[in-house]
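What follows is one structure encoded as structure tokens, with my remarks underneath.
The values are calculated or read from the model by the stated rules, or taken from the named source; none is laboratory data. Here the structure is a predicted model, which is why all the values come from computation and not from measurement. With ligands, DNA and RNA removed, areas are computed over all heavy atoms of the protein, side chains included. Shrake-Rupley method; radii C 1.70, N 1.55, O 1.52, S 1.80 Å.
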Amino acid sequence: MNSGATDGNKGVRDLQRRGLLLVLSSPSGAGKTTLSRALLDRDSNIELSVSVTTRPPRPGETDGKDYYFHSQSEFEAMREANELLEWAPVFDNHYGTPRAPVEALLEAGKDVLFDIDWQGAQQLSEKMSSDVVRVFVLPPSAQTLERRLRDRAQDTADVVARRMRAASDEISHWAEYDYVIVNEDVETSLKGLDAILSAERLKRERVLGLGKFVRNLQKDL
Ligand code: 5GP
């Protein structure tokens, strides 16, 4: 028996992986943005889907990196032209996922990370259910959520109060997700996300060419 790689193992190289769509939702302030940035930094196989929004940029946000900041009429034009994979009103603004970059990434065999709300998660699940993996991020407590929103100091007190009320609505959708992470500690949460991604990437349906590989394997047994 030879346990090392030999030419006899070349069929392994024909196995390819179908990309998956990792959806992260949470109320604002639960730490989802920190988690998604860290995940993108440590995993080169996953790329962020940059959304379009009609809300103004916060200090430190860059157009094209954090969001594409568009006017309401530009947003509507994209929606009319069917250029958005999903879209939804959130607070007083509109948010949506540009379709073309997601299709290009999937075609290139990459996974795509979405930082979108429950409405977007539902729409993606309806359109591309077998590709979607949904993760809901919960704060460890209401106090922690409020503190994180205040510490962010980018929004007015009024906005913080509205976001606290909205958190309850967003959280009511937790059971529509495949996985739930209670984000008390970023490193622990990231380990959870790594585990989810590793397992989901190994799912039988996502490994292309497996049927042929097994048939060839059986021929030689
Ligand atoms: P924020 O204004 O704090 O960046 O985002 C507000 C909420 O909108 C967050 O829950 C975020 O996940 C959600 N969101 C951001 N982009 C999209 C998108 O493209 N589609 C949907 N449905 N929600 C989004």
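Mean 1/r over all different Cα pairs, inverted: what Kirkwood radius does segment 128-189 give, in Å?
Numbers: mean 1/r = 0.0763 Å⁻¹.
It is 13.1 Å.
Taking all protein chains as present, what is the carbon and sulfur share of the accessible area of the chain, in % to the nearest whole number, probe 1.4 Å? Numbers along the way, then the final one.
Numbers: 6350 of 12480 Å².
Within the chain, the accessible surface is 51 percent carbon and sulfur.
For segment 74-130, what does the equivalent ellipsoid look like in terms of its semi-axes, each the square root of 5 times an eigenvalue of the Cα gyration tensor, given largest first in whole Å? The partial results should precede the final answer.
On the way: eigenvalues 76, 40, 19 Å².
So the equivalent ellipsoid measures 20, 14, 10 Å along its semi-axes.
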For LYS32, the lysines lying under 29 Å Cα to Cα, once residues fewer than eight places off in the same chain are dropped, come out as LYS65, LYS110, LYS127, LYS191, LYS203
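Seen from all sides and averaged, what is the projected area of the convex hull of the Cα atoms in segment 1-72, in nm²? Each step should come with its number before you reach the end.
Working: hull surface 33.4 nm².
With every direction weighted equally, the projected area is 8.4 nm².
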Residue span ASP41 to LYS219: 0.36 nm per residue of separation minus Cα-Cα distance leaves a gain in nm of 59.8 nm
As straight-line cross-link partners of LYS219, the qualifying aspartates and glutamates (C-alpha separation under 20 Å, not fewer than 8 residues apart within one chain) are ASP7, ASP14
Taking a probe of 1.4 Å and leaving out DNA, RNA and ligands, the chain shows per residue an accessible area in Å² of 56 Å²
Diffusion coefficient in µm²/s returned for the chain by Stokes-Einstein, Kirkwood Rh over C-alpha pairs, 4 °C and 1.567 mPa s, is 68 µm²/s
